[in-house]
1. Shape call for the stretch 505-590 from the C-alpha gyration tensor, a ≥ b ≥ c root eigenvalues: rounded (a/c under 1.5), prolate (a/b greater than b/c) or oblate?
2. Where Rh is the Kirkwood radius over the Cα pairs of the stretch 1-43, the temperature 4 °C and the viscosity 1.567 mPa s, what D in µm²/s does Stokes-Einstein return?
3. Please give the per residue volume of the convex hull enclosing the alpha carbon atoms of the stretch 222-370, rounded to a whole number of Å³.
4. Whose amide H sits under 5 Å from the amide H of Leu338, counting only residues 5 or more places off or on another chain, with H placed in the peptide plane?
5. If you wrap a convex hull around the alpha carbons of the stretch 314-434, what volume per residue comes out, as a whole number of Å³?
6. Would you mind computing, in nm to one decimal, how far apart the modelled labels at Thr3 and Gln384 are, each placed 7 Å from Cα along Cα→Cβ?
7. Quick one: the Cα spread of the stretch 373-446 along its three principal axes, in angstroms, biggest first?
8. Share of Cα-Cα pairs in the stretch 1-120 beyond 23 Å, in percent?
Amino acid sequence: MDTLQAEVLVVGGSTGGTSAAIQAARRGAKTILVSEFPWLGGMLTAAGVCAPDGNELEGFQTGLWGAFLQELHQRQPGGLHHAWVSFFTYDPRVGAEIFADWVRSLPNLHWISGQVPLAVHQQGDRITGVRFPDYDITAEIVLDGTELGDLLALAEIPHRWGWDWQPDWAEPSAPKEPNQLTQRYPIQAPTWVVMLQDFGEEVAPLIPPSPRADLTCFEGAWAGYDAVQFLDYGRLPGDRFMINWPQQGNDYGEQLDRLVHSPQARQTFEQEARWYAQDFACFIQAQLGRRYGLAPSIFPEATFPEASPDLPRGLGGGAYALHPYYRESRRLQGVVTLCEQDILPQAQGRVASLPLNSQGQVEAIALGNYVNDHHYPGLEWPFQAKALRWGGRWTGTPFTLPYSCLIPVHTDGVLVCEKNISVSHIANGATRLQPVVLGIGQAAGMAAALCVQQGCQPRDLSIRTLQDALLCDPWAPATLIPLFNLPPAHPEWRHWQRYYLDHPENYPLEGDAPVRSTHSPPSGSGQPFSGEFERQAAQTYSFRLVEPTSLSGQTVQLVTLRPQVNELLQACASGQQLLIEGVLNVAGNWLLAESVVSKKYGSQTVGDVPG
């Protein structure tokens, strides 16, 4: 067994673990990242969820999430506009390549794959290292970046699993006591993602059913949709499809407590979830024909050391993701727990309140805006609404996460950086999304490196020092205060971020800074579209195309992610002739506008915000 020493040790190559290791190393810490699988990136890559949700507006494309999107735009042939479930869909191999390249570019970051944690070293209330099958690694700061919060269990750090009740946090949507749904689904159901391919003709190899096959459970899976709409939900470049379908699809939630019972019980659950995905793929092919089959050679075959006999073997690879898409984990009992109230809009506002500590300081270190989305196959649970319309479409109330939700109540030497933060079961439905977790990981990695530099424990680190480091990071500066109209490229972005950190009482309820949006050039990926604008309702627009002539007469939804275009569209009148530069998404039947030119009076006016 090799003995290694690091300043920062990140356990788990998940979305949060990967971003934490990259940020810690970029800040200068000698970092070791230990992953179970040969791909880094977790949900975004190894779990196959290459259609991220949330933080899609330009003002929220920030930090390592924004940098990841920029890399995808540069590297993904055919662009990112293929599916209707997300504005960004890509080949997971491209995502894995980005993370691997970022890691390999850092000489002070050592990546070890094919290892899982077996034991945690402690001195009193401080974590000092982790033992793996082939390595024993000590570190000043250890980060739990595992998919299911495994270090919390190994170190016996107090944590939660499952539902919270109304008396716990007084959350509006929490149940008062256990019921049928909470007993059947202690956490949200995971999904084993599988990739299908359109072969163009009936030549795809037959997909066999699993040993446990019961294909009748998938009947009506795409009721309310036609076959094209169903497949276009997760359409990827290259005529491939990400199958992560919630409606009688491949969400799998049988006896979920097995995930934290024992390694053998987890392996049994994962085998069943993998077979369930295979059966859904078999069902799809049986219904739609052998034009559709398993996409070859997407995921690598995972290999594991012989010293880890309890690891699942041979479950992923090829068309099947390397591991399930876990939506929920063991959850730390932290210094602060993020609850449903913290992610909901303030009265008469469009943003959640900012998290304050006992000294009145804003603790925000990452942001999210997705709706509160939970998965319980066959059952529904009502949640307090947090959706709003912006840019001609639905999005979610922006909220921030406090630094204290990464810190255990008593244990030192450790931070969490994944879905294992201190969050309620209810609020986890909005904090579990890929962009949010990238932000959590970036903040945790920065905090760990700062603790090493200053010789302090995470609980003693100055929150403002951490915030300034994130705002001023030379590679991927991160937004901390959500402002719809202030993307990181705006010249006043950092000023207003700091202003609201210092003056939270002035944070605007509508989420807009008192600045004039500046015109920024299109991304270059768009093309010109000419047509007639129609206002259907507030923040609901359609566009009847005139040019290109091949699309003449077609009507599409008009949407944008850019604040200056959003403001312009709100000022446009029905019947106005517009020239729009943007991207047409056929699957979603929307035109994503990047810039707008008015033709109303026979002369062209650049689509900047009217003064």
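1. Values: a/c = 2.30, a/b = 1.78, b/c = 1.29.
It is prolate, given that a/c is not under 1.5 and a/b is the larger ratio.
2. Details: Rh = 10.6 Å.
In µm²/s, the coefficient is 123.
3. Values: hull volume 30.3 nm³, N = 149.
Expressed per residue, the convex hull around the Cα atoms of the stretch 222-370 is 203 Å³.
4. When sequence neighbours closer than 5 places are left aside, the close amide H contacts are Val423, Ser424.
5. Normalising the Cα hull of the stretch 314-434 by residue number yields 167 Å³.
6. So the label points at Thr3 and Gln384 sit 5.2 nm apart.
7. Sorted from largest, the Cα extents of the stretch 373-446 read 44, 32, 17 Å.
8. Details: 2258 of 7140 pairs.
Percent of Cα pairs beyond 23 Å in the stretch 1-120: 32.
The values are calculated or read from the model by the stated rules, or taken from the named source; none is laboratory data. Remember, predicted model here, so these are calculated numbers, not experimental data. Positions of Cβ are backbone-derived with ideal geometry, glycine not excepted, and every protein chain shown enters the neighbour counts. Surface accessibility is based on the protein's heavy atoms, side chains included, excluding ligands, DNA and RNA. Shrake-Rupley method; radii C 1.70, N 1.55, O 1.52, S 1.80 Å.
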